[in-house]
Structures are given as structure tokens and as C-alpha cells.
Amino acid sequence: MLTNYPQTDKIPNSEETMELPAEKRTFPCKSLIKGVISHSRPYPSSPTDVPYGKGLIATQDCPVGTVMEKFEGPVVEYSELGSDDIIYALNFQQDGQWKWMVAPTPAIYANHSCRPNSTVNGNQEIVTIRPIKAGEHVVFMYNYGTAEDKWDPLWTFECHCGAKKCQGLVNRYRSWEPLYEE
């Protein structure tokens, strides 16, 4: 289902929800994801167990511009997200309209880094922005955006990426250029 939202700097159907403390929120279900699916097109990455959960790991050396994985799945309204989906949903704006994708693909295992080696393009593909080696984690900056974009407090987490300019607490959208340069 594609939902057409008016052009806005606020996430639709979420303003009131985001203002509630986590313990007072209600969700329509636990999760819209019924299991992680694989693609018909092979990508040069694979989900792997890591000490802190799962990660997406490059299975071969990849040059700049390599599509490592793709977010694919149903596009829903924010209010339709399940309680477990809220942390995995990919939000994006296309033609001035907010969209929320629940992607049951290995793309959900790409972790955050304040010094990313990849980014998510307009086709919801994770694409390398620098060469990466086989065995390297595929990471992108979860909070790339503008100060005007609405951040859901449920997304806040403490970053341990180890970058010289690590944000520490990831609690809002921000431009990545000052963080990326090292």
C-alpha cells in the first residue's frame, strides 16, 4: 500500500504518538514482519551473528557504488507499524511524501556507524560510498537528515562505533559531512 502524504517536515500520523512516553504507546500488532526473506538477485553481503546481535557483512571486496543489499517490503503508515517494527522501519521521503517500509530483507541487519561505508539511495538500496573488503561490516548512518525532521525517541540509542567523531548518543537527525571526515 502506498500512502500519499502532503509535503511536510513532520512525519505523518506520528506527531501525537511520538510525544507519548514509550510505556504509554499502543501498537496495532507486534510485527508486520513474518521472517527475513532472501532476494532472487544475490547481493555481495550476508547477515552474520555478531557479539551485539546481527550484522550485514560484505562477502567479497566491493568498490564504490556497489549495491550491497536492498530494503524491500510493504509501505505503510506510521500508525500501522508494529511495536517491533518501529526500530527496523525505513522512513524516507519521495516526491515530498513520507513513506515507511517494513523490510523483511537482510538489509535490516546493516548497522549504524558515524563513519559509514555505505548509504541508502532513493531506490532503498544500500550502496557503498568507499571501497570495502570482504568480511567488513556494511554500515550506514541511521540518522542522516535535517534538524527539522522529526525524530522518534524510540529510535534513540548509544553509539559504540569507535569513530573519532562518534556522536555518542544518537538522538536526532543530523548532516553527516562533519562526522564522516576523519
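Where a number appears in this text, it was derived from the coordinates with a stated rule and is not lab data. The model shown is predicted, which means the values in this text are computed figures rather than measured ones. Please note: Cβ atoms are built from the backbone with ideal geometry, for glycine as well, and neighbour counts cover all protein chains shown.
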request  = State the Cα centre-to-centre distance between segment 48-71 and segment 140-173 in whole Å.
outcome  = 20
note = Ranked from fewest to most other Cβ atoms within 10 Å of their own Cβ, LEU56, LEU169 fall in the order LEU169, LEU56
task = Fewest Cβ neighbours within 10 Å first, please rank ASP149, ASP49 accordingly.
result = ASP49, ASP149
query = What do the square roots of 5 times the Cα gyration tensor eigenvalues come to for segment 67-142, in whole Å, largest first, as semi-axes of the equivalent ellipsoid?
reply = 23, 13, 10
query = For segment 53-182, what number results from the quotient of the Cα radius of gyration and 2.2 N^0.38 Å?
reply = 1.03
